[in-house]
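Where a number appears in this text, it was derived from the coordinates with a stated rule and is not lab data. The shown structure was predicted, so the numbers you read here are calculated from the model rather than taken from an experiment. Because the Cβ atoms are built from the backbone with ideal geometry, glycine has one as well, and the counts that use them run over all protein chains shown.
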Amino acid sequence: MMTAFLHAGHDVVAIGNEPEEKWSKQFADEGIEYRQIYVERNGTNPVKDLKALSSLRKVLAEEKPDKIFTYQAKTVIYGSIAAHQLGIKETYALIAGVGSVFLAAGHGIKNKLLQTVLCLEYCTSLRHCVKVLFQNKDDSDVFMEKKILPEEKIVYINGSGVNIKKFTPTPVPETPTFLFIGRLIRDKGIVEYLNACRIVKGRNEYIRCLLVGPYDTNPSALKPEDLKKYIDDGSVEYFGEQADVRPYLNQCSVYVLPSYHEGTPKTVLEAMASGRAIITTDAPGCRETVTEGMNGYLVPVKNANALAEKMLYLANNHELAARMGNESRTVAEQKYNVNIVNNVIMNTMKL
């Protein structure tokens, strides 16, 4: 997306919480300036959130941008507020998933309080945005039902898109092989995947189940000792975090993401572009990527047995998995091509 902005003749500054020493050169090689800000992705400490607002204000005051594009909850909220305080008129926000706070409504007093605070913060910040982009209608409906946003401010995009030249089809391996890529947090369905893999391997020891992704600071994240028992009994092969996931997509015959909710899952789009059948959940953001029986299957959320059943079915039907993979590639080209998504964003931002 940032490269598309550059090609349209604009200067681009990327702002994130990772160290400038780590990222400045890589961004500079693309013609983009990188600035570090202070922000904690997780956590509810108001002092630290005020520090994030101050950090954003400082960088925005120095850069004086004409337009701002924000994503991730805290930078959407505090970035929009900082921009308004500085008189920057054109702020656009992407809500790439509403998050577990909204979806766990009613689960305890703490969650209700967090949801109330988050609603107030979104109401305060998003009123200053020209447009707010969503990746699925379920998420936008939540914001409209809670009167955070009017419908006229909403724009839909098909995820963040996928580079169909970078992710290309490869032959589906003969050995049935499943793959999960993602942060090892419970909301991604990692526990269901692990338990399904254990069931599948119990039925056919020759099936491979691969796992790629980092541990995380999220409160629902798995700890190494949680995963160890699945590695030790051979349920999964764990490869940690990888900068390039294509070698692992090439090894799999079916991609699996049993997530509880998404904006639009990037890894699913990359697997589709790689020509792989998909098994994911009938959940917001996930269900949009699969036409049942055409390029994959949808299973209920938090149901390892249903997941294992579909995994075993595709393990025993190699030609069907390959045919579904071809269909996935077609959908990726026609619907999720990153150039199509970028054009919608740029038209929305009048770039």
Of G108, G325, G293, the one that fluctuates the most in a GNM where the chain has Cα springs shorter than 10 Å: G108
Computed helical MRE - 222 nm, the chain, DSSP H runs ≥ 4 contributing -39500 (n - 2.57), nearest 500: -13500 deg cm²/dmol
Residue with peak Gaussian network fluctuation, the chain [Cα springs, cutoff 10 Å], from A315, A93, A61: A61
Between 0 and 90°, nearest 10: helix 109-126 axis offset from the chain longest Cα axis: 50
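Can you put D244, D139, D187 in order, fewest other beta carbons within 10 Å first? Don't skip to the end; give the middle numbers.
On the way: D244 8, D139 25, D187 19.
Fewest-to-most Cβ neighbours within 10 Å comes out as D244, D187, D139.
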The chain: relative contact order as a whole-number percent, Cα under 8 Å and 6+ apart: 15
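Once the Cα gyration tensor of segment 270-342 is diagonalised, what are the square roots of 5 times its eigenvalues, in whole Å and ordered largest first, as equivalent ellipsoid semi-axes? Numbers along the way, then the final one.
Working: eigenvalues 94, 49, 11 Å².
So the equivalent ellipsoid measures 22, 16, 7 Å along its semi-axes.
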Pair I340, E90: separation of 7 Å Cα→Cβ label points (nm): 2.6
Longest site-free stretch - the chain; sites: chymotrypsin sites (Phe, Trp or Tyr not before Pro), DSSP loop, at most 15 other Cβ within 10 Å: 39-205
Unmatched cysteines, the chain - criterion: no other Cβ of a Cys under 4.7 angstrom: C119, C123, C129, C252, C286
For the chain, the Rg and Dmax computed from alpha carbons only, in angstrom: 20.8, 62
Two-decimal ratio, segment 235-311, of alpha-carbon radius of gyration to 2.2 N^0.38 Å: 1.06
Convex hull projection area averaged over all views, segment 1-84, Cα basis, nm²: 5.6
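Taking a quarter of the surface of the convex hull around the Cα atoms of segment 21-143, what do you get in nm²? Write out the running numbers ahead of the final one.
Numbers: hull surface 34.0 nm².
Seen from a random direction, the Cα hull of segment 21-143 projects 8.5 nm² on average.
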Straight-distance crosslink candidates among lysines, where the alpha carbon sits under 23 Å from K89 and sequence neighbours closer than 8 are dropped: K51, K58, K64, K67, K74, K131, K147, K153, K350
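Note down the Stokes-Einstein diffusion coefficient of segment 177-334 in µm²/s, whole number, using a Kirkwood radius over alpha carbon pairs, 25 °C, and 0.890 mPa s. Please list the in-between numbers first.
Values: Rh = 15.2 Å.
Taking Rh from Cα pairs, D becomes 162 µm²/s.
What trypsin sites (Lys or Arg not before Pro) in segment 117-166 are in a loop by DSSP, with at most 12 other Cβ atoms within 10 Å of the Cβ? Present the calculation step by step, with values, prior to reporting the outcome.
On the way: sites: R127, K131, K137, K146, K147, K153, K165, K166; in loops: R127, K146, K147, K165, K166.
When the trypsin sites (Lys or Arg not before Pro) of segment 117-166 are filtered for loop state and at most 12 Cβ neighbours within 10 Å, K147, K165, K166 remain.
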Most mobile of L149, L227, L113 in a GNM of the chain (Cα contacts under 10 Å): L113
Between helix 46-63 and the chain: long-axis angle, C-alpha atoms, 0 to 90°, nearest 10: 70
C-alpha long axis of helix 338-348 to longest principal axis of the chain, angle in °: 20
